[in-house]
1. Pull up the DSSP beta bridges for the chain and report the antiparallel fraction as a percent, rounded to 5.
2. Per 5 Å bin, what percent of the C-alpha pairs of the chain does each bin hold, from zero upward?
3. So which aspartates and glutamates can residue 95 reach, going by Cα to Cα under 18 Å and dropping same-chain residues fewer than 8 places off?
4. Isolated Cys in the chain by the 4.7 Å beta carbon test?
5. Could you name the lysines whose alpha carbon sits less than 22 Å from that of residue 61, not counting residues in the same chain fewer than 8 places away?
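Only the coordinates and a few stated rules stand behind these numbers; no lab work does. Owing to the predicted nature of the structure, the values given are computational and were not obtained by experimental measurement. Every residue, glycine among them, receives a Cβ derived from its backbone with ideal geometry; neighbour counts consider all protein chains shown.
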Amino acid sequence: MNWQGINRVINLTPHECSIHIGDTIRRIPPSGNVVRLNSHCQPCGECDGIPVDICTEGEPKGLPEPVKGTVYIVSSMVAKKVKRKDVLCPDTSDKGVIRDGGGYIVGVYRLQLFQ
């Protein structure tokens with residue numbers, strides 16, 4: 001893929017995205033707009049006394065249309081659903097994620113694209 005000409009990266013998650021590239025950390029703050037998938041859920045029973053719903057994923061809510069020169073950072077669930085080349089997500093796989101001593105994500109090494 002070629003992202004030549006990209007001059008705007010918009011973070012549509014609720015968290016800062018910290019990308020560690022060598023000795024540099026690129027921090028992309030949240031834009032204030034968050035894209036989420038609509039879900040439709042209905043109760044379907046209990047598991048050991050815990051209520052369980054059955055859910056189906058809907059379409060993303062709040063994802064802008066493609067804009068030349070712009071990419072959007074979203075959650076992996078949204079990226080997997082839309083499969084657009086202008087929609088990327090942080091790589092939180094075992095080889096892509098950086099965690100602190102408590103297991104919390106503090107950054108990633110790269111972004112992901114789903115096709």
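1. On the way: 20 of 28 bridges.
Bridges in the chain are about 70 percent antiparallel.
2. All Cα pairs considered, the percentages come to 2, 10, 17, 20, 17, 13, 10, 6, 3, 2, 0.
3. The reachable aspartates and glutamates, counting only those whose Cα sits under 18 Å from residue 95, are 23.
4. 17, 44, 47, 89 - these cysteines have no disulfide-compatible partner (Cβ-Cβ under 4.7 Å) in the chain.
5. Result set, ordered by chain and number: 80, 81, 83, 85.
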